[in-house]
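The values are calculated or read from the model by the stated rules, or taken from the named source; none is laboratory data. Not measured: the values here are computed from a predicted model. Heads up, the Cβs are rebuilt from the backbone with ideal geometry, glycines too, and the neighbour counts pull from every protein chain shown. Note: areas computed on protein heavy atoms with side chains; ligands, DNA, RNA excluded. Shrake-Rupley method; radii C 1.70, N 1.55, O 1.52, S 1.80 Å.
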Amino acid sequence: MSDTTTAHDPGAPNDAGSAPAPIRLGFARGIAPSKWARRWKAATPGRKLELVPLEVAFGTALDARNRETAAAAAGCDVLIERTAPDARPSGSDGPESTRRAIRLYAESMALVVPADHELAQQESVSLAEIAFVELLDHPDHDAGWPAARPWNDPEWMPKGPRAALALVATGAGAVLLPVPLARHLIDKREHTVLPIRPEAGEQPLDGPVVWAIWNAERDDATVQHLAGILRGRTANSSRESAQEETKRTTPAPRVQAQPKKQAPKLKPNSRGAQLQAAKEKAERKKAEARQAKRRKRR
């Protein structure tokens with residue numbers, strides 16, 4: 001994400017002065033941003049949303065070892081990141097946090113096996129079936145998932161999901177990954193993705209969580225507008241259009257409550273008075289019958 005709030009400010013004109021600069025949305029591997037791009041285009045006409053794919057699966061792209069990935073992430077206004085089930089994005093927790101984060105959703109889990117595996121013909125697997133599969137450990141294998149086989153030498157552990165899938169293709173074992181990431185990274189000729197469908201009595205695995213992240217110093221109306229779209233706001237439900245994001249809404253005038261009309265007084269011995277008296281008598285009899293039933297139950 002940009003260190004300055006004006007580097008990619010959508011409200012600022014470009015060099016030609018004809019259009020505002022785009023807002024940049026970076027996203028991790030396996031995350032599909034097309035639905036958010038459509039919502040942004042519908043809710044924010046005239047302002048481009050630039051999608052920036054980042055070569056990272058888990059964790060913060062700003063901390064990526066690859067300098068190009070870290071630089072691309074630093075140039076984004078908002079990032080879509082994936083964390084472990086019980087984790088938060090770095091820098092977003094505590095009173096002195098430097099980043100803002102909103103939780104978008106949790107991903108479902110899958111078992112990835114070799115294409116010629118005996119389970120490969122199934123459409124899904126249960127947790128009970130996973131117990132009979134040799135799971136390969138990798139850095140993003142969560143402690144809450146079924147235990148993976150430890151490596152005799154920690155240096156042998158694959159550095160990430162792509163390296164782990166390369167081992168799966170050799171028949172060395174299987175790996176657990178979130179469904180979107182697995183389907184994004186696999187080679188269909190070498191791997192099969194089996195979504196995990198818990199059977200009756202089984203607790204589903206907690207999948208990784210997808211977050212929207214941005215620098216606290218970049219927390220302006222435009223980023224908040226994008227954050228709302230990421231959380232599901234559409235053009236029809238948008239609080240304000242991009243052109244009106246700096247305008248304040250005028251509160252609706254209060255409507256004074258009208259006093260209730262009092263029922264007209266009935267003349268004694270009139271037909272209306274007799275009907276009212278009969279109605280009240282019937283209500284008293286119902287109340288007495290209910291009380292009599294309560295006494296019998298006691």
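Counting only residues 5 or more places away or on other chains, whose amide H sits under 5 Å from the amide H of VAL113 once H atoms are built in the peptide plane?
Excluding prolines and chain starts, which carry no amide H, the hits are THR192, LEU194.
Sort out for me the Cα centre separation of region 115-129 from region 152-231, rounded to whole Å.
19
Taking a ≥ b ≥ c as the square roots of the eigenvalues of the Cα gyration tensor of region 84-170, is the shape rounded (a/c under 1.5), prolate (a/b larger than b/c) or oblate?
Note, shape of region 84-170 comes out prolate.
With all protein chains present, calculate the accessible area of ASP93 using a 1.4 Å probe and round the result to the nearest 10 Å².
120
Using packing as a proxy for protection, rank 199-205, 118-124, 22-28 so that the peptide with the highest average count of other Cβ atoms within 10 Å comes first.
The densest-packed peptide leads the list: 22-28, 118-124, 199-205.
Send over the Kirkwood Rh of region 41-130, from the inverse of the averaged 1/r over different Cα pairs, rounded to one decimal Å.
This gives a value of 16.7 Å.
Per residue, how much accessible area does region 73-164 show when a 1.4 Å probe rolls over the protein heavy atoms, in square angstrom?
Dividing the accessible area of region 73-164 by its residue count gives 53 Å².
With +1 on each Lys and Arg Cβ and -1 on each Asp and Glu Cβ, and nothing else charged, work out how big the dipole of region 164-215 is about its Cα centre, in Debye to the nearest 20.
200
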